[in-house]
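The structure appears below as structure tokens.
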Amino acid sequence: MAPRENFSSRLSVIVAMAGSAIGLGNIWRFPYLAGEQGGATFVFAYILATLFITLPLFLSEIIIGRRSRSNARDAMGVLAPKSRFWKNIGILAVLIPIIINSYYSVIGGWSLDYMIKSMTPGFFHASPGEVSRVFSDFISSPWEPIAMHLVFLGISVLVVARGVKTGIEKFSKIILPVLFVLVIVIAVYSISLPGAMAGVSYLFKPDFSKLTPETFAYAMGQSFYSLSVGMGAIITYGSYVRKEENIMVSSAWTGISDLVFALLAGLAIMPAVFAAGIEPGSGPGLIFQSVPYIFAEMGSGVPLLSAVISTLFFLAVVVAAMTSCVSLIEVGVAWLMERFNLRRSAACKWIFLVCGVLGVLCSLSFGPLNDLHIAGRTLFDFFDWASSNILLLLMGLLVVIFVGHVMKKADVRDEITNSGGFKGNFRLFGIFYFLVRWVCPVAVLVIFFFNFLG
Ligand code: PFF
């Protein structure tokens, strides 16, 4: 078997992990969930969950990955070789990314389609109502979204096929800075629209009387989703992190950039939603209905300007989605390569096949398969709900129990302090260990049962 690859530097680790974290979860999911779940109250719960639960979990996944130097399916079994439970439970870490990837690449396909539509004359003459109609006609028409889903997935698979350094690392390094700049420009413009301030208050002025367990449940699910935890991706990337990296620093940077990016995306979308009179709780279509309106206004009288900015924006969304999709694909690919001794290219083909087919079914759930329901939800909604509100939490719970109660404390400390090399991390280790051992399992368990029973 080929030797295991590594990321080449600290910057590469941060960029690849931030590339996995920053994606549709920030640009597409965070604004619409905030819209549905009461705006600032949700944002408040989201920040709390990220700092105290998700970040420690993120670090735990890197620890498991780096220490085991194994794919996500086998990592916990490698560290606890005597336990059948930990040897087998890792299968969840391979299944969850496949489920998420299937519907994730459908939304990636929508973004690709909107990038192309942005270059089409006439797209920006539409009124907000017309924009919504264009969107619902598009997602319910069977062929176009399916074709886009397969193209999006295909390109992502090709990046993974090029390997960790030449594919994943290089790709993320180029794209992330572009994305940040674009979202900042759009946020500034969006805030300057007439009536936009209502959107800013909606995002940042919490009404604590509206803080319910449900808000926390959705916020925690979103926070896990956004930082890519609870699904093997960070375990897998962690296994490519060299021994001499300071993983606490890498985690902190990834967490901060992900949080800042989500807030920026909220600021780009929500003020414009209010300015356009769109309902903030409009669900998954929110950015596809609000963003074309923003750009039409931005370039009013100059259609070429609208076309250029909108094309760039959706290009950035597509690429951000791809750096995340790439990390989802890598989980399955790393496992197939190590378990079945497959070549990288062969493993990629299998993942394309499985996620491609499941994604087609998800895409059809907006049209011909709309009546097919599981647990009262369409297939697309069921995949999204089951993965982010149930499976991610379950996997996250297992990870914190593993690091907090199964691994030896000294081993965990070794990973965080690099066997004592990073003296500054000793004090932080105490806080981290307390959160992982007690706070995270209790919080995740409570929310898990709340979701499961609700
Ligand atoms: N964190 C990604 C986002 O916010 O779009 C989604 C994601 C990527 C989830 C990779 C899970 C994962 F393994």
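The values are calculated or read from the model by the stated rules, or taken from the named source; none is laboratory data. All values derive from a computational prediction rather than experimental measurement. Note that we place each Cβ from the backbone using ideal geometry, even for glycine, and neighbour counts take in every protein chain shown. Accessible surface areas use protein heavy atoms only, side chains included; no ligands, DNA or RNA. Shrake-Rupley method; radii C 1.70, N 1.55, O 1.52, S 1.80 Å.
Some points to look at:
- Where Ser223 falls short, out of the listed (1) among the polar types (S, T, N, Q); (2) within 14 Å of the ligand (Cβ to nearest atom); (3) surrounded by fewer than 24 Cβ atoms within 10 Å (Cβ to Cβ): (3)
- Among the residues listed as Ser310, Ser388, Ser327, the single one being in contact with a helix residue (DSSP H, G or I) (Cβ under 7 Å, 6 or more places away or on another chain) and over 30 Å from Tyr433 (Cβ atoms): Ser310
- Selected residue (criterion: nearest to Asn370 (Cα to Cα)) from residues of region 118-133 that are open to solvent by less than 40 Å² (accessible area, probe 1.4 Å) and of a type outside the set (S, T, N, Q): Val131
- Test: residue in region 363-383 that is in contact with a strand residue (DSSP E or B) (Cβ under 6 Å, 6 or more places away or on another chain), at pLDDT below 95 and surrounded by 14 or more Cβ atoms within 10 Å (Cβ to Cβ): yes
- Scanning region 33-55 for residues that are open to solvent by 10 Å² or more (accessible area, probe 1.4 Å) and either among the hydroxyl-bearing types (Ser, Thr, Tyr) or out of contact with any Asp or Glu (no Cβ under 9 Å at 6 or more places or on another chain) (or both) turns up Glu36, Phe44, Ile47, Leu48, Leu51, Phe52, Ile53, Leu55.
- Check on Glu297, under 30 Å from Ser118 (Cβ atoms), in a helix (DSSP H, G or I), charged (D, E, K, R) and out of contact with any Ser or Thr (no Cβ under 8 Å at 6 or more places or on another chain): yes
- Any hit, region 403-412, residues being part of a helix (DSSP H, G or I), within 25 Å of the chain's Cα centre (by Cα) and hydrophobic (A, V, I, L, M, F, W, C): yes
- Take the conditions (1) touching a residue at least 40 places away in the same chain (Cβ under 8 Å); (2) under 16 Å from Pro31 (Cα atoms); Val260 misses just one of them, which is (1).
- Of Ser257, Ser250, Ser223, Ser228, all but one fail to be small (Gly, Ala, Ser) and either in contact with a strand residue (DSSP E or B) (Cβ under 7 Å, 6 or more places away or on another chain) or in a loop (DSSP other than H, G, I, E, B) (or both); the exception is Ser228.
- Extreme residue, surrounded by the most Cβ atoms within 10 Å (Cβ to Cβ), among residues of region 140-196 that are touching a Leu at 6+ places or on another chain (Cβ under 9 Å) and among the small types (Gly, Ala, Ser): Ser156
- When Ala347, Ala334, Ala307, Ala320 are screened for being surrounded by fewer than 24 Cβ atoms within 10 Å (Cβ to Cβ), part of a helix (DSSP H, G or I) and among the hydrophobic types (A, V, I, L, M, F, W, C), only Ala307 passes.
- Region 197-220, residues that are of a type in the set (A, V, I, L, M) and surrounded by 17 or more Cβ atoms within 10 Å (Cβ to Cβ): Val200, Leu203, Ala217, Ala219, Met220
- Complete set of residues in region 304-323 that are in contact with a Gly (Cβ under 9 Å, 6 or more places away or on another chain) and farther than 21 Å from Asn101 by Cβ: Leu305, Ser306, Ala307, Val308, Ile309, Ser310
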